[in-house]
Amino acid sequence: MPTETRTPRPLSDADAAELAERWHAVLPHQEAMGADLVERYREPWRRYHDVRHLLAVLRQVDALASDQDLFIVRLAAWFHDAIYDIPFRELTNEEGSARLALRELSRAGLEQEDLTQVARLVRMTADHVPGSRDPEGELLCDADLAVLAGSPEEYAAYVADVREEYADVADDDFFSARFEVLEPWVEGEIYRTGKGKLLTPAARANVAAEVRELAEHLGIEAPPAALEL
């Protein structure tokens, strides 16, 4: 985690009320658990993976959903970044978040099948590659990656927030890691839901632009496809 002193981003009354309402809708009578999750997303070192990201993903789950039961996906969205240590410790953040979900939701009395599915979806956000015939995985991954399809200004703010989260990481290491994550999406599949696929052109343009910048910083050639967008 960054060593400098930071304060949590402010949480507006409207956003706090929306989060409380959304949590009550998915798991009523577990207000303490929901409040704890919100506080986790308000940890001061978070700059992108914070409470705004949580709310954005929850909204995107609703926006991108088809005719399907959203109970498991919504729970997974709540927990998917509940643990976010920089750098992560013994466990990856996704594994830590999945284990937190298993522990807390087990105490709340969820059935084992539901527990297993929530944890599976949380772990999937490590690489955003759902298997075939996995509508729940496709939905959560698309919701988590919807930020890639923002306006150029929104995308720039997202990149700046991620960089600030990793302020203690040297530029070359950060740029190299970002390039490794983003380069496959210049041509590869980003979204898999029907509605999510409509976001692809905007996301691909943003990703290609960042990949070109990263390649310049790293002194390497950008992939040809990134030069065409």
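Values quoted throughout were computed directly from the atomic coordinates according to the rules given, and no laboratory measurement underlies them. Note that the structure is a prediction, hence the values are computed from the model and not measured. Counting neighbours? That spans all protein chains shown, and the Cβs are built from the backbone with ideal geometry, glycine included.
I need the GluC sites (Glu not before Pro) found in the range 73-145, filtered to DSSP loop residues with at most 14 other beta carbons within 10 Å of theirs.
The qualifying sites are 90, 111.
Suppose only helical runs count, i.e. DSSP H with n ≥ 4. What mean residue ellipticity at 222 nm does that imply for the chain under -39500 (n - 2.57) per run, divided by all residues and rounded to the nearest 500 deg cm²/dmol?
-19000 deg cm²/dmol
Taking the Kirkwood radius as the inverse of the mean 1/r across Cα pairs, report the Rg/Rh of the range 98-173.
1.10
Quote the charge dipole size of the range 149-228 about the Cα centre in Debye, to the nearest 20; the model charges only the Cβ of Lys and Arg (+1) and of Asp and Glu (-1).
Charge dipole, the range 149-228, about its Cα centre: 600 debye, nearest 20.
Could you work out the longest stretch of the chain that avoids the trypsin sites (Lys or Arg not before Pro) located in DSSP loops with at most 12 other Cβ atoms within 10 Å?
134-229
Below 8 Å between Cα atoms, with a sequence gap of 6+, how large is the relative contact order for the range 1-123 in percent?
24 percent
Given Cα pairs under 8 Å that are at least 6 residues apart, what percent is the relative contact order of the chain?
Reported relative contact order: 19 percent.
How much length, in nm to one decimal, is gained on full extension between residue 187 and residue 91, taken as 0.36 nm per residue of separation minus their Cα-Cα distance?
Gain on stretching residue 187 to residue 91: 31.5 nm.
Note down the relative contact order for the range 149-228 as a percent, whole number, built from C-alpha pairs under 8 angstrom at least six residues apart.
It comes to 37 percent, rounded to a whole number.
Could you give the alpha-carbon Rg of the chain over 2.2 N^0.38 Å, rounded to two decimals?
So the chain has a normalised radius of gyration of 1.02.
Assign one of three labels to the range 13-148, namely rounded, prolate or oblate, based on the Cα gyration tensor with a ≥ b ≥ c the square roots of its eigenvalues; rounded applies when a/c is under 1.5, prolate when it is not and a/b is larger than b/c, and oblate otherwise.
Rounded is the answer for the range 13-148, as its axis ratio a/c remains below 1.5.
Determine ³J(HN,Hα), in whole Hz, for all residues of the range 142-152 in sequence, where each value follows from phi through the Karplus function 6.51 cos²θ - 1.76 cosθ + 1.60 and θ = phi - 60°; x replaces Gly and Pro.
Computed from phi, the couplings for the range 142-152 are 5, 5, 5, 9, 4, 4, 5, 9, x, 5, x Hz.
Taking the Cα-to-Cβ direction at residue 7 and at residue 160 and moving 7 Å from each Cα, how far apart do the two end points lie in nm?
A separation of 1.9 nm, rounded to one decimal place.
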